[in-house]
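> Quick one: the structure is below, questions incoming.
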Amino acid sequence: MQRTDRSRLLWIAFFVTPGLLVVGVFILLPLFMSLFNSLFSWKQLIRLDFVGLDNFKKLFTTYPYHERFFNAMKNNLTWFLSTILIQNSLGLLFGYLLSRKIPGAEFFKRMFFIPVLFSIVAVGFLWGMYLKPTGLVNSFLKLIGLASLQQPWLGMESLATPALIAVNIWRWVGFPSLVFLAAIDNVPQECLEAAYLEGVGEWKLFWKIIFPLIIPSITIITVLTIIGSLNVFEQVYTMTGLDGSPNYATDTIGTLFYRTAFGSVDAGSPEIGIGSAIGLVIYLLTFCTSLISIVFTQSKEVQI
Amino acid sequence: MITDFGYRGASNGKKVFITVALVVMALYVLLIAYPLWNMIISSFKTNRAILTTPFSLPEKISFSNFKTVWIDRGFSHYFFNSVLYTVISMAVVLLFGSMASYGISRYTYKMNTLIYMLFLSGIMLPLKAAIIPLFLLIKTLGLINNPFSVILIFIAMALPSTVFILAGFMKGIPLELEYAAKIDGCNDFQIYQKIVMPMVAPAIALVTIYNSVPIWNDFFFPLVFLQSDKVKTLPVGLSSFFGQFSTNWSLLFTGLSIAILPMLILYLFMSKYFIKGMTAGAVK
């Protein structure tokens, strides 16, 4: 018995060690190193003295760090709220319509998913060209006689972030649509038919029966939206540039983090200490907000 | 089904609703299809024609732009690199991921849940936020400008979701099969290889699509670690190409077409698998 127990443990170790090693070295170790690094002062890539929470203090209270940081956070919040409200509501609507076999449902389903597969970089560059002052969008407005609406979309502080978000919704709305479609398809058909025969109206059918039953998928999409919004980087990099032009109007925590960590344009040389502090803030925000949304939506969950 | 949205037998209000919904959905389809179409026709046009007559068809079809971008501008290299890195990463992910899932789901022991949680923590933690320690680590290992820098990170990036999906599937396989194989003299690795793996083949297909699309498209890590032209992937190559030729729109549209069309063509043939695979992590 002793021997078989030992060989069993050896087998378990044999199976889990390679994967655990990779995850440990490339995911968990860097997490702890971020925390560690953020507590030191740095000169380029050389670690100097232990400074406690000074890097965080600098990030939150000293010019220009705090101004850039809160400006970027504000933009990330805009990304998050717009995505939740517009993209996920559209996704829910599309998913619902598809699940109810609206004419052409199969075709629409396949079309909606096309942009989801493209790299954000290709999508960003493509729409970046279309949104240029001489690009396709302005040409189209002229074609239909709305030349007065022509704008330098990515060059105006008030329009740049909304334009970026619109492009991102264009690329991504198919994803929540099909996740919600799968969730609604899992609701037992008899339930819907019974309610339908009872004469329950469409509106009530959706909000009272379908919606409560698909809350788990709403939780998942919300968490993915939080992670996505805090990780916005490629969209800005390809469409308005690493320094979030015009005048930092499209700057996000991701681009600010990159500039701080690797040094570029305005930030000058890399600042590992402050950069690590920003990285840690991203970790904490992702973790806490995801946790809150999971707890919040789970309390609303119902089961048949 | 009686709950379906169809015109037959629907009330007037419902007909209006269905029509409005169809118009909205058709508009989005147009909004997907037209920009892609315009991208393709623009790659055959001259710069002048793109700016002056953006909606008209190209005057003549010539593939010289494609030849310039594919061969002279090195897109064939970028493309080949992307294929190579994706295939190597996925091969290791599938091996390590399925082994770890087997070790977690087919044995009962104390550390079981802890090991599973360690893997899952990677789903919630954005790896981009760890770029500084990763950069220092890769530098220490001497892997800057070496494809293995991104391959290792891609493997780490994909393992958590692979374990999450595969362990779920493996739990569903009855243990009796395992006992029978043991009596026949199979060791644990043979059970994993000859019994469990063939049974989770559909799940393997799911995780392959679920992870290879983001790996193929990833930009951030190759941007940081692969600076020399020889080792760049397609997204990073596209990005530096945009930096160099920002005024030659005709070539830029050709570059975009080369970056986007392979995925589109693959999708047209396997759309069902792509939809199932990409939503696998979010759908139970």
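Read-outs throughout are calculated quantities, based only on the coordinates presented, and are distinct from any laboratory measurement. Quick caveat, the model's predicted, so the values are computed rather than measured. Counting neighbours? That spans all protein chains shown, and the Cβs are built from the backbone with ideal geometry, glycine included.
> How far apart, in nm, are the 7 Å Cα→Cβ label points at B:F55 and A:Q303?
5.6
> Sticking with this structure for a sec: Between B:K67 and B:K110, 0.36 nm times their residue separation minus their Cα-Cα distance comes to what?
Values: separation 43, 0.36 × 43 = 15.48 nm, distance 5.98 nm.
Fully extending the segment from B:K67 to B:K110 adds 9.5 nm.
> How long are the semi-axes of the equivalent ellipsoid of the stretch B:12-64, taking √(5λ) for every eigenvalue λ of the Cα gyration tensor, in whole Å from largest down?
36, 10, 7
> Oh, and also: What does the extension gain come out to for A:L21 and A:K57, with contour length at 0.36 nm per residue minus their alpha carbon separation? The partial results should precede the final answer.
On the way: separation 36, 0.36 × 36 = 12.96 nm, distance 3.47 nm.
Once the chain is fully extended between A:L21 and A:K57, it gains 9.5 nm.
> I've got another one for you. Translational D (Stokes-Einstein, µm²/s) of chain A at 20 °C and 1.002 mPa s when Rh comes from the Kirkwood sum over C-alpha pairs?
Working: Rh = 22.7 Å.
Approximately 94 µm²/s, per Stokes-Einstein.
> Follow-up. Applying 1/(1 + (r/R0)^6) with R0 = 56 Å to the Cβ-Cβ distance of A:S7 and A:E198, what FRET efficiency is obtained, to the nearest 0.05?
Numbers: r = 61 Å, r/R0 = 1.09.
Efficiency, rounded to the nearest 0.05: 0.35.
> On average, how many beta carbons from a partner chain sit within 10 Å of the beta carbon of a residue in B:266-276?
Numbers: counts 1, 6, 2, 0, 0, 7, 2, 0, 5, 11, 2.
Average per residue, whole number: 3.
> Which shape class, rounded, prolate or oblate, goes with the stretch B:74-133 when its Cα gyration tensor gives a ≥ b ≥ c as root eigenvalues, a/c under 1.5 marks rounded, and past that a/b bigger than b/c marks prolate? Write down the numbers at each step before the final one.
Working: a/c = 5.14, a/b = 1.79, b/c = 2.88.
Verdict is oblate for the stretch B:74-133.
> Right, another one. Amide H to amide H, which residues 5 or more places from A:W42 or on other chains are under 5 Å from it, using H placed in the peptide plane?
A:L48, A:G273
> Something else: Which chymotrypsin sites (Phe, Trp or Tyr not before Pro) from the stretch B:28-69 combine a DSSP loop assignment with at most 16 other Cβ atoms within 10 Å? The partial results should precede the final answer.
Values: sites: B:Y28, B:W37, B:F44, B:F55, B:F63, B:F66; in loops: B:F44, B:F55, B:F63.
Answer in residue order: B:F55, B:F63.
> While we're on this one: What fraction, in whole percent, of alpha-carbon pairs in the protein assembly as shown exceed 43 Å separation? Spell out each step's value before the answer.
Details: 42840 of 172578 pairs.
The answer is 25 percent, as a whole percent.
> At R0 = 60 Å, how high is the FRET efficiency between A:E190 and A:T78 if r is their beta carbon distance? Nearest 0.05 is fine. Numbers along the way, then the final one.
On the way: r = 43 Å, r/R0 = 0.72.
According to the calculation, E is roughly 0.90.
> While we're here: Is there a simple number for the mean count of other chain Cβ atoms within 10 Å of the Cβ of residues in A:179-191, and what is it? Mind showing how you got there, number by number?
Numbers: counts 5, 3, 3, 7, 4, 0, 1, 2, 0, 0, 3, 0, 1.
For peptide A:179-191, the averaged partner shielding equals 2.
> Alpha carbon centre of the stretch A:4-65 versus the stretch B:86-124: separation in Å?
Measuring centre to centre over Cα atoms gives 20 Å.
> Moving on. With respect to the cross-link table entries A:K101/B:K272; B:K128/B:K272; B:K110/B:K194; B:K14/B:K272; A:K58/B:K139, which display a Cα-Cα separation exceeding 19 Å? Could the numbers behind the result be given before it?
Values: A:K101/B:K272 17 Å; B:K128/B:K272 30 Å; B:K110/B:K194 27 Å; B:K14/B:K272 30 Å; A:K58/B:K139 27 Å.
B:K128/B:K272; B:K110/B:K194; B:K14/B:K272; A:K58/B:K139, as the Cα separations exceed 19 Å there.
> Kindly give the semi-axes, whole Å and largest first, of the ellipsoid equivalent to the stretch A:21-158, taking each as the square root of 5 times a Cα gyration tensor eigenvalue. Mind dumping the intermediate values first?
On the way: eigenvalues 356, 130, 49 Å².
Over the Cα atoms of the stretch A:21-158, the semi-axes work out to 42, 25, 16 Å.
> When you look at the Cβ of every residue in A:98-108, what mean number of other chain Cβ atoms sits within 10 Å?
Working: counts 2, 3, 7, 5, 8, 7, 4, 3, 1, 2, 5.
Across A:98-108, the average partner-chain Cβ count within 10 Å equals 4.
> At 7 Å along the Cα-to-beta-carbon direction for both A:K101 and B:L175, put a label point, then send me their distance in nm to one decimal.
So the two model labels end up 4.3 nm from each other.
> Could you give me the ³J(HN,Hα) list for the stretch A:120-136, computed from phi with Karplus coefficients 6.51, -1.76, 1.60 and θ = phi - 60°, whole Hz, x at Gly and Pro?
Result, rounded to whole Hz: 4, 5, 5, 4, x, 5, 4, 6, x, 6, 5, 8, 5, x, 9, x, 5.
> Go through the stretch B:44-52 residue by residue and turn each phi into a ³J(HN,Hα) via Karplus (6.51, -1.76, 1.60, θ = phi - 60°); whole Hz please, and just put x for glycine and proline.
With the stated coefficients, the stretch B:44-52 comes to 9, 9, 7, 3, 4, 5, 4, 7, 8 Hz.
> Next question. Give the dimensionless ratio obtained when the Cα radius of gyration of the stretch B:73-278 is divided by 2.2 N^0.38 Å.
On the way: Rg = 20.0 Å, N = 206, 2.2 N^0.38 = 16.7 Å.
Cα Rg divided by the expected 2.2 N^0.38 Å: 1.20.
> Shifting gears a bit: Below 8 Å, C-alpha to C-alpha, sequence gap of six or more: please give me the relative contact order for the stretch A:54-298 in percent. Mind showing how you got there, number by number?
Values: 285 pairs, mean separation 66.2, N = 245.
That works out to 27 percent.
> Need one number: nm distance between label points at B:D229 and A:N247, each 7 Å from Cα along Cα→Cβ, rounded to one decimal.
Each label point is offset 7 Å from its Cα along the Cβ direction, giving 3.9 nm.
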